[in-house]
Amino acid sequence: MDPVSQLEADARHLVRYSGRGGFTPTVIGSARGSLMFTEDGRELIDFTSGQMSAILGHSHPEIVATVQSQIAHLDHLYSGMLSRPVIELSRRLAETLPPTLDKVLLLSTGAESNEAAVRMAKLVTGKHEIVSFARSWHGMTQAAANATYSAGRRGYGPAAPGNFALPVPHRFRPDITDELGELDWRRQLDLGFDLIDAQSVGSLAACLIEPILSSGGIIELPPGYLAALAQKCREREMLLIVDEAQTGLCRTGDWYAFEHDGVVPDILTLSKTLGAGLPLAAVITSSEIEQRAQEREFLFFTTHVNDPLPAAVGLTVLDVLSRDRLDVRARELGQRLRAGLDELAGRHPIVADVRGRGLLLGMELSAEDTPGVSADQLGAVVTRRCFELGLHMNIVQLPGMGGTFRLAPPLTATDNEIDRALEIMDEALAYAREPAVHRS
């Protein structure tokens with residue numbers, strides 16, 4: 001039986017859950033550091049850090065030791081009970097943040113943390129309308145999915161009333177430009193809120209955004225944008241919720257991406273990187289907001305809220321990030337990767353743009369120089385060829401945006417692994433331009 005048929009047979013009892021995409025055409029047997037190993041013995045460099053989460057790489061020895069130790073004496077509790085790992089992690093997280101962000105709720109996933117944040121914002125403001133970017137991804141649970149516009153909106157019935165999309169300030173693909181043809185994000189932001197104000201019933205509760213849109217195509221907010229957005233929120237007595245599922249905890253070269261803009265959100269959500277691959281998320285807010293929520297009997301009582309085992313893992317993640325100065329390492333490795341990507345863009349016309357920050361970078365493909373071939377087709381060919389050569393990458397395919405690779409290797413990746421990945425991308429990009437590749 002050929003490998004594809006074998007995989008289909010092996011997965012026959014699994015629900016397919018990724019839309020048009022299917023499962024990767026192999027079974028992973030193990031992983032270590034930045035490398036994954038298939039059951040048939042192939043080695044793959046992991047340039048997605050699992051699901052954009054494993055910032056310390058796979059099976060980091062200190063994470064392994066923490067799990068083994070913690071699970072042996074305290075793994076799970078009644079949700080109203082506290083444990084020492086939960087108390088310590090809440091303190092340690094608060095110490096990494098501006099003083100106003102000092103109240104922590106520990107949960108399991110990014111969708112869950114955004115769900116809790118939106119629920120809290122609605123309760124403390126007494127309002128219900130939520131604004132997010134038109135290419136956002138905040139999760140698959142109800143409120144998070146209602147605020148997600150990049151995928152998954154069709155076929156599930158009506159979204160909750162009061163969800164509004166804000167235009168994305170995309171500098172490479174500007175929709176509103178100044179006299180120089182550059183993105184006029186201030187005019188775009190004003191227009192976006194003019195339209196929101198016209199549709200609002202006077203109940204704007206919060207704006208939920210990523211500081212770098214990831215599933216939206218690695219779109220970094222222009223300098224000054226986040227501060228201007230925060231001002232729009234203040235004018236309307238809305239809360240600003242910043243979703244740092246993928247950008248938080250050193251990936252962008254700062255401990256938190258919002259620090260880059262000097263703006264402190266009212267509520268911060270963390271997930272993916274906090275557990276370094278294990279299910280751990282957090283909602284972090286101010287004492288003032290937490291007090292108002294408590295007075296209104298805030299309820300988010302879940303099975304795994306404040307569980308001790310993942311909290312212990314979170315403490316180890318913070319230890320390693322701080323001790324090994326992985327914010328600095330992310331900047332250094334990011335510069336190395338960015339220089340290599342820029343060099344590839346100079347030699348391969350199908351690379352239209354390179355963007356991002358730290359170790360969250362995007363490489364957008366264009367089909368302008370490949371007549372008869374779409375950007376989607378190019379992306380599929382490059383993805384497949386990279387996989388064949390030993391590199392796993394993820395591509396974002398959105399209408400009108402070409403194809404953008406999300407490059408997010410572990411912060412613990414080596415220089416040699418970065419260089420090898422660039423060599424594979426070079427070969428795959430050249431391969432994708434060969435006309436015979438696209439004939440079927």
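The values are calculated or read from the model by the stated rules, or taken from the named source; none is laboratory data. Note that the coordinates shown come from a computational prediction; the quantities given were computed from them, not determined experimentally. All Cβ positions, even for glycine, are placed from backbone atoms using ideal geometry, and neighbour counts span all protein chains on display. Side chains are part of the model used for accessible areas, which takes the heavy atoms of the whole protein and leaves out ligands, DNA and RNA. Shrake-Rupley method; radii C 1.70, N 1.55, O 1.52, S 1.80 Å.
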Original post:
Conditions: (1) outside any loop (DSSP other than H, G, I, E, B); (2) over 20 Å from the mean Cα position of the chain (by Cα); (3) touching a residue at least 40 places away in the same chain (Cβ under 8 Å). Glu8 meets all but one. Number of the miss?
Top reply: (3)
**OP:** Within the range 342-365, track down each residue that is in a strand (DSSP E or B), in contact with an Asp or Glu (Cβ under 7 Å, 6 or more places away or on another chain) and within 15 Å of Ala432 (Cα to Cα).
**Re:** Ala352, Glu364
**OP:** Would you tally the residues in the range 118-160 being under 12 Å from Ala205 (Cα atoms) and small (Gly, Ala, Ser)?
**Re:** 3
Original post:
Looking only at the range 379-408, which residues are among the hydrophobic types (A, V, I, L, M, F, W, C) and within 23 Å of Glu220 (Cβ to Cβ)?
Top reply: Val382, Met393, Ile395, Val396, Leu398, Met401, Phe405, Leu407, Ala408
Original post:
When you go through Leu123, Leu166, Leu89 one by one, which is the residue that is over 15 Å from Pro308 (Cα atoms), at pLDDT 95 or above and touching a Gly at 6+ places or on another chain (Cβ under 6 Å)?
Top reply: Leu166
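Name the single residue that is farthest from Thr404 (Cα to Cα) among those in the range 15-61 being aromatic (Phe, Trp, Tyr) and at pLDDT below 95. Don't jump to the end; show me each part of the working.
Narrowing the range 15-61 to residues aromatic (Phe, Trp, Tyr): 17, 23, 37, 47.
With the extra rule that they be at pLDDT below 95, the set shrinks to 17, 23.
Values: Tyr17: 21, Phe23: 19 Å.
Of everything passing the filter in the range 15-61, Tyr17 is farthest from Thr404 (Cα to Cα).
So is Ala151 under 28 Å from Gly217 (Cβ atoms), outside any helix (DSSP H, G or I), in the same structural domain as Ser18 (by the TED database) and within 18 Å of the chain's Cα centre (by Cα) or not? Walk me through it before giving the result.
On the way: under 28 Å from Gly217 (Cβ atoms): yes; outside any helix (DSSP H, G or I): yes; in the same structural domain as Ser18 (by the TED database): no; within 18 Å of the chain's Cα centre (by Cα): yes.
In short, no.
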Original post:
Would you pick out the residues in the range 137-147 that are buried (at least 19 other Cβ atoms within 10 Å of the Cβ) and closer than 29 Å to Leu309 by Cβ?
Top reply: Trp137, His138, Gly139, Ala143, Ala144, Ala145
Subject >> The one condition in (1) assigned to a loop (DSSP other than H, G, I, E, B); (2) touching a Lys or Arg at 6+ places or on another chain (Cβ under 8 Å); (3) modelled with pLDDT under 95; (4) not aromatic (Phe, Trp, Tyr) that Arg173 fails to fulfil >> reply: (2)
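If you take just the helices (runs of 4 or more DSSP H) that sit entirely in the range 182-288, which of them hold at least 2 residues that are surrounded by fewer than 23 Cβ atoms within 10 Å (Cβ to Cβ)? Break it down into steps so the answer makes sense when it comes.
Numbers: elements: 185-199, 225-235, 272-275.
Those helices (runs of 4 or more DSSP H) span 185-199, 225-235.
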Original post:
Taking only pairs six or more apart or across chains, which ones have beta-carbon atoms under 6 Å, a first residue in the range 16-33 that is among the hydroxyl-bearing types (Ser, Thr, Tyr), and a second residue that is modelled with pLDDT of 85 or more?
Top reply: Thr26/Thr38; Ser30/Phe37
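Every residue, every condition in (1) in contact (Cβ under 8 Å) with a residue 12 or more places away in the chain; (2) within 19 Å of Asp419 (Cβ to Cβ); (3) part of a helix (DSSP H, G or I), yes or no:
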position	(1), (2), (3)
Asp327	yes, no, yes
Ala330	yes, yes, yes
Gln335	no, yes, yes
Gly340	yes, yes, yes
Ala367	yes, no, no
Gly379	yes, no, yes
Val382	yes, yes, yes
Original post:
Consider Thr303 against the criteria (1) part of a helix (DSSP H, G or I); (2) at pLDDT 95 or above; (3) open to solvent by 40 Å² or more (accessible area, probe 1.4 Å): it satisfies all of them except one. Which criterion is unmet?
Top reply: (1)
Original post:
Within the range 17-136, which strands (runs of 3 or more DSSP E) (wholly inside it) include 2 or more residues that are open to solvent by less than 30 Å² (accessible area, probe 1.4 Å)?
Top reply: 35-38, 43-46, 103-107, 129-133
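Within the range 42-64, which residues are over 18 Å from Leu249 (Cα atoms), out of contact with any Gly (no Cβ under 9 Å at 6 or more places or on another chain) and touching a residue at least 60 places away in the same chain (Cβ under 8 Å)?
Residues of the range 42-64 over 18 Å from Leu249 (Cα atoms): 42-46, 59, 61, 64.
Of the ones still in play, those that are also out of contact with any Gly (no Cβ under 9 Å at 6 or more places or on another chain) are 61, 64.
Of everything in the range 42-64, nothing turns out to be over 18 Å from Leu249 (Cα atoms), out of contact with any Gly (no Cβ under 9 Å at 6 or more places or on another chain) and touching a residue at least 60 places away in the same chain (Cβ under 8 Å).
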Original post:
If you scan the range 333-350, which residues turn out to be touching a strand residue (DSSP E or B) at 6+ places or on another chain (Cβ under 7 Å) and charged (D, E, K, R)?
Top reply: Arg338, Asp342
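Do we find that Leu7 is surrounded by 13 or more Cβ atoms within 10 Å (Cβ to Cβ), outside the structural domain of Gly155 (by the TED database) and touching a strand residue (DSSP E or B) at 6+ places or on another chain (Cβ under 7 Å) in this structure? Quick ask: steps written out before the conclusion?
Details: surrounded by 13 or more Cβ atoms within 10 Å (Cβ to Cβ): yes; outside the structural domain of Gly155 (by the TED database): yes; touching a strand residue (DSSP E or B) at 6+ places or on another chain (Cβ under 7 Å): no.
When the stated conditions are applied, Leu7 does not pass them.
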Subject >> Positions within the range 70-79 being free of Cβ contacts under 8 Å to residues at least 12 places away in the same chain and not aromatic (Phe, Trp, Tyr), in sequence order >> reply: Ala72, His73
Subject >> Conditions (1) at pLDDT below 95; (2) touching a strand residue (DSSP E or B) at 6+ places or on another chain (Cβ under 7 Å); (3) open to solvent by less than 10 Å² (accessible area, probe 1.4 Å); (4) farther than 19 Å from Thr48 by Cα: number failed by Ala432 >> reply: (2)
